[in-house]
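What follows is a single structure, written as structure tokens, with notes after it.
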């Protein structure tokens with residue numbers, strides 16, 4: 001049991017009763033004496049010489065023990081002993097990272113290769129890479145936004161990465177349409193970060209957007225959304241997937257992508273295959289290392305109320321014993 005005193009200097013007053021006993025005069029009271037006619041004869045019989053003085057009633061052993069114990073408990077209570085409970089660890093998650101994944105029709109293109117050299121779609125490649133990414137962000141809360149014709153929240157911020165990955169694996173291309181509303185996705189990410197991360201510092205808010213096409217008809221132009229992100233301290237990293245030589249709605253507007261990243265203080269990446277996609281996330285992990293905070297505190301429980309309870313019990317017991325002794329004495333004299 002780990003116990004410490006909050007005010008140990010109060011222990012210095014422990015010998016105070018001894019000093020009072022040694023240096024202060026005894027308490028005296030005047031009482032009327034009984035006049036004995038044969039007092040001189042009595043003195044001769046007991047062979048004593050009369051002299052002025054005071055009679056001191058000796059205290060019983062249990063009375064002395066009660067006084068000494070009570071005083072020691074009072075001094076100890078004033079010193080305020082506290083019991084240190086076992087240390088408690090409070091974990092705090094460092095960053096809030098919002099991942100926005102493009103679900104437009106072109107994400108079904110099978111131009112990526114798995115670890116076993118099988119051809120897989122861009123979306124499947126994203127899921128594989130994000131699994132490793134989430135494992136590297138054990139101290140962060142992750143959120144998930146899916147977007148195409150519209151942007152919606154698939155997973156709010158959570159520290160349970162297993163649940164987050166399960167919701168990511170449920171994402172399919174037909175869920176959100178065919179087009180790419182990049183600006184709306186960024187706007188929604190900023191909104192969620194500001195609302196759900198009120199206690200998180202601006203430096204600990206981050207958005208990663210993964211897309212393979214040009215913005216097509218967002219209510220919020222990507223450039224304007226980037227300005228809002230910059231004003232709110234949200235850093236945006238963008239990973240562009242696929243062939244930059246494509247044309248039409250699936251074409252990659254790298255100028256807009258770089259502008260968004262530079263405006264918010266993030267980085268823009270191009271991922272033409274699984275290896276470059278992995279490298280992009282590795283680079284992001286290096287640029288934005290996971291923040292994991294843990295606070296340790298030790299609860300303190302003050303013991304002085306219990307000491308005062310013991311003192312009260314001692315005095316009540318002593319008073320009860322004294323009363324019983326007095327009644328017994330009176331009964332004997334009456335008998």
* Asked: log₁₀ I(q)/I(0) of the range 91-295 at q = 0.10, 0.14, 0.19 Å⁻¹, via Debye over equal Cα point scatterers, no solvent, to two decimals?
  -> -0.36, -0.74, -1.46
* Structure fact -> Checking rank on 161-167, 209-215, with mean other Cβ inside 10 Å and highest first, the result is 209-215, 161-167
* To do: Sort 317-328, 124-135, 98-109 for me by packing, meaning the mean count of neighbouring Cβ atoms within 10 Å per residue, highest on top.
  => 98-109, 124-135, 317-328
* Asked: If you count, for each residue, the other Cβ atoms within 10 Å and average over each peptide, how do 139-151, 261-273 line up from highest to lowest?
  -> 139-151, 261-273
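Every read-out reported here was derived from the displayed coordinates using simple, explicitly stated rules and does not represent laboratory data. As the structure is a prediction and not an experimental result, all values here were calculated from the model. Don't worry about glycine lacking a Cβ; one is built from the backbone with ideal geometry, like all the others, and counts go over all protein chains shown.
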